[in-house]
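Each reported figure results from applying straightforward, stated rules to the coordinates on display, with no laboratory input. From a predicted model like this one, the values you see are computed outputs, not experimental measurements. Ideal geometry is used to build each Cβ from the backbone, glycine not excepted, and the neighbour counts take in all protein chains shown.
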Amino acid sequence: MKFLKTGEKVKKLREQLNMKQEDLVSEKVTRGLISMIETGRRDVTFATGVKLAEKFNEKAEELNIIMNIDEAYLMRSPAEDAEIYCLNKLKNDDITKSTIDEIFQLAEEYELIKVKAKAYCGLGEIYFKEKEFEVACDIYKKAREIYINIGENEKLGYVYWRLGVFNADDLKYDAAVEYYQLSQYYCSQYSDSETRKLCLYSLANSYKKLNRIDLALETIERFLFVCDEQEDNRLYVYAYNTKATCYSAIGQYDKAIEIYKFLLTKISDDKSIFLGYIYNNLGLNYCHKNDFKESIKYFEMAEKFRNDIDKANLAATLIEKSEVLLKQNLIDEAIKTIELGIKYAKEYKYLEYLLKGNHLLGKIYDKIKDIENLEKVYLEIIELIKNTANNDKLKTVYNELAIMYLNQNKIDTCKKYLKLSKKLN
């Protein structure tokens, strides 16, 4: 991509419109001045730019061409045009890696350091969508370094929030909380109220995942205080969902069900993906209350909805539905449901439910003494946890495997996993 100097722009426009230098002459804009501008010996001033833009637009109108030339375009340097081009490209939510590569090349060529930082953020989001969370984090950290080096600390609230989100989606909730707290600090320092609001919601979810329910409820109330139901409708509904899951976590199932039924009154679009969450979680709470009829009813509603509209989250519904089947001792049906859920979790790289589904299978195989399948499940869980670098969870699985092999009198294999567990101390 080549960006023109001021004189090159004037000459190119003149030639495109089949104009002579004399056609651009006006009061205080002589043919000699135009010649010097085109050969790079004079810059375009604001006043000259206005007059040239008028001449170009008049000629374009005569030719039925829409150009909308303005003095700002004529006065801009190639570096300024490159910056505008890059920033406009980066606004595209569907930007590709090849476009980001082009932007990096331009940023290098024209020394556009701020563009480079934004390009790192854009590339990080691409890897996040691909569920390559560690790669996304490493890339965002490069953006952070640039912002710190150039003193643009007001951008750090947003960067730390995204780093928190990437860690949370990689199930690293403690690390996520640390990033969210840093984000809150910088957002407060630089009055970034929008990012601060988004970060509060994310922080509440990580507290919930860490079973710090009091903090989660306190944080979600802080979020709801600054959240506008109309402007932030999506997050408003999700926040109430988080609130309900907190009450469910502490056994207040009726309170959770009340919140979900309240949310149903807030949703008028029968294709809103919120419905999948609500049906699913109503099913889960009725399951906890041992009301299996209502539980299955809502799980089936969630399954149908997500199969039709939100397949990316179908794994969660299938795997959580298996819990009500297990409570009714429908073992074979539960195994089939979990396996189908794991299939969708793999397809959509849904790590949380890949782990949850395999853990549920492990409990089933342990209960029915199916040692062969139990071993397969443990090994699958190990591979999944290795990718998250969660040593505590990995150590637990190694120890469980060691006990399983001990019970089978496979002493050498038992020792192998005990040694692996010990290495993680």
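Straight-line reach from residue 114: taking Cα to Cα under 24 Å and skipping same-chain neighbours fewer than 8 places apart, the lysines in range are 2, 5, 89, 91, 97, 129, 141, 142, 155. Neighbour counts of C-beta atoms inside 10 Å place 42, 31 in the sequence 31, 42, starting with the fewest.
With the simple spin-label model, which puts each label point 7 Å out from Cα in the Cβ direction, the residue 270 to residue 403 separation comes to 5.0 nm.
Relative intensity of segment 125-166 on a log10 scale, I(q)/I(0) at q = 0.15, 0.33 Å⁻¹, equals -0.33, -1.09, per a Debye sum over C-alpha point scatterers of equal strength in the absence of solvent.
In the chain, Cα pairs under 8 Å separated by at least six residues give a relative contact order of 6 percent.
For segment 238-294, how big is the tail of P(r) above 19 Å, as a whole percent of Cα pairs?
Here the tail beyond 19 Å accounts for 22 percent of pairs.
Residues within the reach of a label modelled at residue 97 (point 7 angstrom out along Cα to beta-carbon, backbone nitrogen below 17 Å), restricted to segment 150-175: there are none. For trypsin sites (Lys or Arg not before Pro), the sites in segment 122-212 that DSSP calls loop and that have at most 16 other Cβ atoms within 10 Å are 131.
By the beta-carbon count within 10 Å of each Cβ, the least crowded to most crowded order of 213, 342, fewest first, is 213, 342. Sorting the segments 77-84, 369-376, 397-404 by their mean number of nearby beta carbons within 10 angstrom, highest to lowest, gives 397-404, 77-84, 369-376.
Here the dipole of the chain is about 1120 debye; that uses its Cα centre as origin and unit charges on the Cβ of Lys and Arg (positive) and Asp and Glu (negative).
About its Cα centre, the dipole of segment 269-379 is roughly 100 debye, where the only charges are +1 on Lys and Arg Cβ and -1 on Asp and Glu Cβ.
In this structure, the residue pairs whose Cα-Cα separation is over 28 Å, taken from 209/386; 197/289; 386/419; 172/346, are 197/289. Apply the a/c threshold of 1.5 to the C-alpha gyration tensor of segment 292-400 and tell me whether it is rounded, prolate or oblate. It comes out oblate by the Cα gyration axes. Which is farthest toward the positive dipole end of segment 1-120 among 56, 96, 44, measuring Cα position about the Cα centre, with Cβ charges +1 (Lys, Arg) and -1 (Asp, Glu)? The residue sitting most towards the positive pole is 44.
The mean of 1/r over all distinct Cα pairs in segment 6-76, once inverted, gives the Kirkwood hydrodynamic radius of 11.8 Å.
Past 25 Å, Cα to Cα, is the threshold; run 20/51; 55/118; 208/393; 336/356 against it and keep the listed order.
55/118
Each of 421, 200, 359 was scored by the projection of its Cα onto the charge dipole of the chain, and the greatest displacement toward the positive side belongs to 421; charges sit on the C-beta of Lys, Arg, Asp and Glu. For residue 214 and residue 191, what does the FRET efficiency come to when R0 = 22 Å and r is the distance between their Cβ atoms, rounded to the nearest 0.05? So the FRET efficiency works out to roughly 0.20.
Between residue 422 and residue 297, the contour length at 0.36 nm per residue exceeds the Cα-Cα span by 40.4 nm. Within segment 86-200, the ratio Rg/Rh, alpha carbon atoms throughout and Rh by Kirkwood, equals 0.97. Cβ-to-Cβ counts within 10 Å put 207, 190 in ascending order as 190, 207, the fewest first. Once you have a ≥ b ≥ c as the square roots of the Cα gyration tensor eigenvalues for the chain, tell me rounded if a/c is under 1.5, and otherwise prolate or oblate according to whether a/b is larger than b/c. Taking the square roots of the gyration eigenvalues as a ≥ b ≥ c, the chain is prolate.
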